[in-house]
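Chemist: Quick one: structure below, then a few questions.
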Amino acid sequence: SDDYRILAWHLTSVWPRDGLVTVACEEPMVAALVGTNLAASFAVDARATLLVDADFASEPVRKLLELPPAPGLVAVMENRRRWSESLVPFTVGRSRTMHVLPSGHRSRAPGPAEAHATVGELLRAARRHDATVVVSSPRMLRSLRAGDDVVLCIVEGESRIDRFARDVAALIDGGARVRGIVLWQGPRPRGN
């Protein structure tokens with residue numbers, strides 16, 4: 001839709017030097033839908049695009065795209081698979097594809113050393129693509145934020161503005177650039 005193309009144009013007006021943008025929301029399916037559509041907009045513009053799901057608890061991108069369960073990013077983090085073995089090509093229009101790295105399921109968050117190594121891997125993967133979009137939860141942004149540019153999503157009537165303001169302030173204090181805020185109106189997207 002035009003909304004996602006406008007968001008993509010806004011981000012490309014001052015493109016992140018690492019080519020990486022993180023989309024985060026307390027509601028995992030909203031983050032997945034916004035991040036997936038943003039990545040699709042980049043792919044349709046003939047950019048080599050990577051979409052990474054970093055929400056290990058919910059796996060919202062996999063559910064939204066109806067991908068089969070896969071070890072994904074978790075297997076990469078645990079050195080059980082390589083990036084190239086974990087990427088899933090996904091068609092997004094006439095002869096356009098993007099690579100998707102599903103999260104895989106994991107009940108615990110990565111520790112500091114594991115998160116640091118994963119951030120390094122995300123940055124290396126981003127160098128092989130023109131655009132990389134990471135879908136995450138605000139909690140994971142504190143430990144697993146690879147790039148500085150962040151788009152935050154809030155759900156109308158459900159998101160708490162005071163908590164959202166604290167999250168934005170904490171991100172900015174941590175060196176992030178909040179490049180946009182998406183207000184989700186209407187019913188929540190559903191994943192299978």
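The values are calculated or read from the model by the stated rules, or taken from the named source; none is laboratory data. Note that the structure is predicted; figures quoted are calculated from it, not measured. We place every Cβ from the backbone using ideal geometry, glycine too, and count neighbours over all the protein chains shown. Surface accessibility is based on the protein's heavy atoms, side chains included, excluding ligands, DNA and RNA. Shrake-Rupley method; radii C 1.70, N 1.55, O 1.52, S 1.80 Å.
Chemist: Considering only residues of the range 175-192 that are of a type outside the set (A, V, I, L, M, F, W, C) and surrounded by 12 or more Cβ atoms within 10 Å (Cβ to Cβ), which is nearest to R142 (Cα to Cα)?
Modeler: Residues of the range 175-192 that are of a type outside the set (A, V, I, L, M, F, W, C), as a first pass: 175, 177, 179-180, 185-192.
In the following step, the residues that additionally are surrounded by 12 or more Cβ atoms within 10 Å (Cβ to Cβ) were identified as 177, 179-180, 188-189, 191.
Values: R177: 14, R179: 17, G180: 18, R188: 25, P189: 25, G191: 26 Å.
The qualifying residue nearest to R142 (Cα to Cα) is R177.
Chemist: In this structure, is R124 modelled with pLDDT under 85, in a helix (DSSP H, G or I) and more than 21 Å from V44 (Cβ to Cβ)?
Modeler: Numbers: modelled with pLDDT under 85: no; in a helix (DSSP H, G or I): yes; more than 21 Å from V44 (Cβ to Cβ): yes.
No; evaluated as a whole, the condition is false for this residue.
Chemist: Could you list, in sequence order, all residues of the range 71-108 that are within 17 Å of T36 (Cα to Cα), in contact (Cβ under 8 Å) with a residue 24 or more places away in the chain and among the β-branched types (V, I, T)?
Modeler: Answer for the range 71-108, where residues must be within 17 Å of T36 (Cα to Cα), in contact (Cβ under 8 Å) with a residue 24 or more places away in the chain and among the β-branched types (V, I, T): V92, T97, V100.
Chemist: Same structure again: With the structure loaded, tell me whether A115 is surrounded by 13 or more Cβ atoms within 10 Å (Cβ to Cβ), in a helix (DSSP H, G or I) and in contact with a strand residue (DSSP E or B) (Cβ under 9 Å, 6 or more places away or on another chain) or whether it fails that test. Walk me through how you get there before you give the answer.
Modeler: Numbers: surrounded by 13 or more Cβ atoms within 10 Å (Cβ to Cβ): yes; in a helix (DSSP H, G or I): yes; in contact with a strand residue (DSSP E or B) (Cβ under 9 Å, 6 or more places away or on another chain): no.
So A115 does not fit the description; no.
Chemist: Let me ask something else. Quick one: in the range 67-91, of everything that is among the charged types (D, E, K, R) and either under 17 Å from S41 (Cα atoms) or surrounded by fewer than 16 Cβ atoms within 10 Å (Cβ to Cβ) (or both), which residue is farthest from the chain's Cα centre (by Cα)?
Modeler: Residues of the range 67-91 among the charged types (D, E, K, R): 78, 80-82, 85.
Among the residues that remain, those that are also either under 17 Å from S41 (Cα atoms) or surrounded by fewer than 16 Cβ atoms within 10 Å (Cβ to Cβ) (or both) are: 78, 80, 82, 85.
Numbers: E78: 20, R80: 22, R82: 19, E85: 19 Å.
Step by step, filter the range 67-91, then rank; the result is R80.
Yes or no, residue by residue, for (1) in contact with a strand residue (DSSP E or B) (Cβ under 8 Å, 6 or more places away or on another chain); (2) assigned to a helix (DSSP H, G or I):
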| position | (1), (2) |
| --- | --- |
| Y4 | no, yes |
| L7 | yes, yes |
| M29 | no, yes |
| A32 | yes, yes |
| N37 | no, yes |
| A40 | yes, yes |
| P68 | no, no |
| V74 | no, yes |
| R81 | no, no |
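Chemist: Moving to a separate point now. Looking at (1) on the phi > 0 side of the Ramachandran plot; (2) buried (at least 19 other Cβ atoms within 10 Å of the Cβ), which is the only condition L64 fails?
Modeler: (1)
Chemist: Right, E78: at pLDDT below 90 and either touching a Pro at 6+ places or on another chain (Cβ under 9 Å) or within 22 Å of R188 (Cα to Cα) (or both) or not? Spell out how you get there, then give the answer.
Modeler: Numbers: at pLDDT below 90: yes; either touching a Pro at 6+ places or on another chain (Cβ under 9 Å) or within 22 Å of R188 (Cα to Cα) (or both): yes.
Yes: the conditions hold for E78.
Chemist: Here is a further query. For the range 35-47, check the following and say yes or no: at least one residue is open to solvent by 30 Å² or more (accessible area, probe 1.4 Å) and among the aliphatic types (A, V, I, L, M). So that I can check it myself, show each step before the final result.
Modeler: Let us first name the residues in the range 35-47 that are open to solvent by 30 Å² or more (accessible area, probe 1.4 Å), namely 37, 44-47.
Keeping just the survivors that are among the aliphatic types (A, V, I, L, M) gives 44, 46.
Yes - at least one qualifying residue is present in the range 35-47.
Chemist: Go through R142, R94 for me and flag whichever is surrounded by fewer than 18 Cβ atoms within 10 Å (Cβ to Cβ), among the basic types (K, R) and outside any loop (DSSP other than H, G, I, E, B).
Modeler: Working: R94 fails: outside any loop (DSSP other than H, G, I, E, B).
Among R142, R94, only R142 is surrounded by fewer than 18 Cβ atoms within 10 Å (Cβ to Cβ), among the basic types (K, R) and outside any loop (DSSP other than H, G, I, E, B).
Chemist: List every residue pair whose Cβ atoms sit under 6 Å apart, with the two residues 6 or more apart in sequence or on different chains, where the first one lies in the range 46-70 and is aromatic (F, W, Y) and the second, anywhere, is crowded, with 19+ Cβ neighbours inside 10 Å.
Modeler: Listed pairs, sorted by first residue: F56/S103.
Chemist: I would also like to ask the following. Can you tell me which residue within the range 145-171, out of those that are β-branched (V, I, T) and more than 20 Å from L33 (Cα to Cα), is least open to solvent (accessible area, probe 1.4 Å)? Working first, answer last.
Modeler: Going residue by residue through the range 145-171, those that are β-branched (V, I, T) are 150-151, 154-155, 161, 168.
Now drop any that are not more than 20 Å from L33 (Cα to Cα), which leaves 161, 168.
Numbers: I161: 111, V168: 29 Å².
For the range 145-171, the residue satisfying everything is V168.
Chemist: Can you say whether R124 is charged (D, E, K, R) and within 17 Å of the chain's Cα centre (by Cα), as far as the supplied structure shows?
Modeler: Working: charged (D, E, K, R): yes; within 17 Å of the chain's Cα centre (by Cα): yes.
So R124 passes the test.
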